[in-house]
Amino acid sequence: QVQLVESGGGLVQPGGSLRLSCAASGSILSIRFMAWYRQAPGSQRELVASITRGGSTNYEDSVKGRFTVSRDNAENTMYLQMNNLKPEDTAVYYCNADTWTNRYWGQGTQVTVSS
């Protein structure tokens, strides 16, 4: 079992920045890769960024150049640095961790970009 706890969401003005954190606990050595997803009201959950244990990253096109995903294996924590935020980034952001057999989710953290 893997437990995930997100933090760092909030209200920010357009052009502002936030950093999300996802702390993992439990069977962390079984995690293959981790990712951030987001879900806006009335929309499907979408992949925002992912990172492998080795540090390889992948981003959704609309966040490339603005968001950076990173991972501190020693602290068992994944981060999402979000810069130049736009109103369309407003969503609940979820942390995800995949093992060979299971997919785990955090509880989500709200990010609202509004003036």
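The values are calculated or read from the model by the stated rules, or taken from the named source; none is laboratory data. None of the values given here were measured: they were computed from a predicted structure. Backbone-built Cβ (ideal geometry, glycine too); neighbour counts: all protein chains shown. Only protein heavy atoms, including side chains, enter the accessible area calculation; ligands, DNA and RNA are left aside. Shrake-Rupley method; radii C 1.70, N 1.55, O 1.52, S 1.80 Å.
For residue 12, the test of being within 17 Å of residue 85 (Cβ to Cβ), in contact with a Leu (Cβ under 8 Å, 6 or more places away or on another chain) and open to solvent by less than 40 Å² (accessible area, probe 1.4 Å) is passed.
Residues of segment 83-96 being aliphatic (A, V, I, L, M) and either touching a Lys or Arg at 6+ places or on another chain (Cβ under 7 Å) or modelled with pLDDT under 95 (or both), which ones?
Going through segment 83-96, the residues aliphatic (A, V, I, L, M) turn out to be 85, 91-92.
Listed by number, the residues that qualify are 91, 92.
For residues in segment 63-77 being polar (S, T, N, Q) and in a loop (DSSP other than H, G, I, E, B), which is surrounded by the fewest Cβ atoms within 10 Å (Cβ to Cβ)? Explain how you work it out, then say what you get.
Looking only at segment 63-77, we keep the residues that are polar (S, T, N, Q), and these are 68, 70, 73, 76-77.
Cutting the leftovers down to in a loop (DSSP other than H, G, I, E, B) gives us 73, 76.
Details: 73: 13, 76: 16.
The qualifying residue surrounded by the fewest Cβ atoms within 10 Å (Cβ to Cβ) is 73.
Pairing each residue of segment 9-28 that is at positive phi and at pLDDT 95 or above with any residue that is surrounded by 16 or more Cβ atoms within 10 Å (Cβ to Cβ) and in a loop (DSSP other than H, G, I, E, B), provided the two are 6+ apart or on different chains, yields C-beta distances under 9 Å for 15/85. Restricting 29, 18, 80 to residues that are open to solvent by 50 Å² or more (accessible area, probe 1.4 Å) and either of a type in the set (A, V, I, L, M, F, W, C) or in contact with a Leu (Cβ under 7 Å, 6 or more places away or on another chain) (or both) narrows the list to 29. Tallying residues that are under 23 Å from residue 31 (Cα atoms), open to solvent by 50 Å² or more (accessible area, probe 1.4 Å) and not in a loop (DSSP other than H, G, I, E, B) within segment 88-115 yields 2. Scoring residue 85 on the criteria (1) among the aliphatic types (A, V, I, L, M); (2) part of a strand (DSSP E or B); (3) under 18 Å from residue 114 (Cβ atoms); (4) open to solvent by less than 60 Å² (accessible area, probe 1.4 Å) leaves a single failure, condition (2).
So which residues in segment 38-51 are open to solvent by 50 Å² or more (accessible area, probe 1.4 Å) and of a type in the set (Ser, Thr, Tyr)?
Going through segment 38-51, the residues open to solvent by 50 Å² or more (accessible area, probe 1.4 Å) turn out to be 39, 41-47.
Matches in segment 38-51: 43 only.
The listed residues are 72, 61, 89, and the only one of them that is in contact (Cβ under 8 Å) with a residue 24 or more places away in the chain, among the acidic types (Asp, Glu) and at negative phi turns out to be 89.
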